[in-house]
């Protein structure tokens, strides 16, 4: 991975690599943009990040692979992909000397989009419930009787 000052944006991050790696990074970037068009780009943890209601997915280039984070290790639908590309807690590694699994990148991005949307909907519902008039904290507690 390119070391030095934190890049200001994804373009600056990508520019720090060889043309071959730049092409791979741009493919992953474009795949995530197509999969989750409402996500915004950022740099977080000094690597490219897409955000939607918080961090959605990160990717980064290394000497021999490109990493995608976080990996949906808890979802059985990704078990075969994790067996092939999983490289530790929360990491998928795509070797630079093999075709990139862009369909997997798309599925991971959409998975995290759905997770983020569900969390955001739950937060909004909790906020609506707490804001209802006439509902004190005591009235929301279940009664202890039968």
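Please give the contour-minus-distance gain from residue 77 to residue 102: 0.36 nm per residue of separation, less the Cα-Cα distance, rounded to one decimal in nm. Provide the component values of the computation, followed by the final result.
Details: separation 25, 0.36 × 25 = 9.00 nm, distance 1.63 nm.
Roughly 7.4 nm would be gained on extension.
Could you order the peptides 60-66, 17-23 from most to least packed, using the average number of other C-beta atoms within 10 Å per residue?
60-66, 17-23
Compute a Gaussian network model of the chain, connecting alpha carbons closer than 10 Å, and tell me which residue from 103, 11, 80 fluctuates the most.
Checking each option, the largest mean-square fluctuation is seen for 80.
In degrees, nearest 10, range 0 to 90: what is the angle between the Cα axis of helix 102-131 and the longest Cα principal axis of the chain?
Its long axis makes an angle of about 20 degrees.
Add -39500 (n - 2.57) for each DSSP H run of 4 or more in the chain, then divide by its residues: what number comes out at 222 nm, to the nearest 500 deg cm²/dmol?
Here the helix-only value at 222 nm equals -13500 deg cm²/dmol.
Connecting C-alpha atoms closer than 10 Å in a GNM of the chain, tell me which of 107, 132, 51 has the biggest fluctuation.
Ranking 107, 132, 51 by mean-square fluctuation puts 132 first.
Taking Cα extents along the principal axes in Å as the quantity of interest, determine which of (1) 48, 31, 23; (2) 67, 35, 26; (3) 49, 37, 24 was computed from the displayed structure.
Label of the calculated value: (2).
Mind pulling the angle between the C-alpha long axis of helix 19-35 and the longest principal axis of the chain? Nearest 10 degrees, somewhere in 0 to 90.
Once rounded, the angle reads 30 degrees.
Considering Cα pairs under 8 angstrom that are at least six residues apart, work out the relative contact order of region 38-118 and quote it in whole percent.
24
Under 10 Å, Cα contacts only: if you run a Gaussian network model on the chain, which one of 110, 93, 128 comes out with the highest mean-square fluctuation?
In this elastic network of the chain, the residue with the biggest mean-square fluctuation among 110, 93, 128 is 128.
Cα centroids of region 57-102 and region 1-49: how far apart, whole angstrom?
16
Only the coordinates and a few stated rules stand behind these numbers; no lab work does. From a predicted model like this one, the values you see are computed outputs, not experimental measurements. Note that each Cβ is placed from the backbone with ideal geometry, even for glycine, and that neighbours are counted across all protein chains shown.
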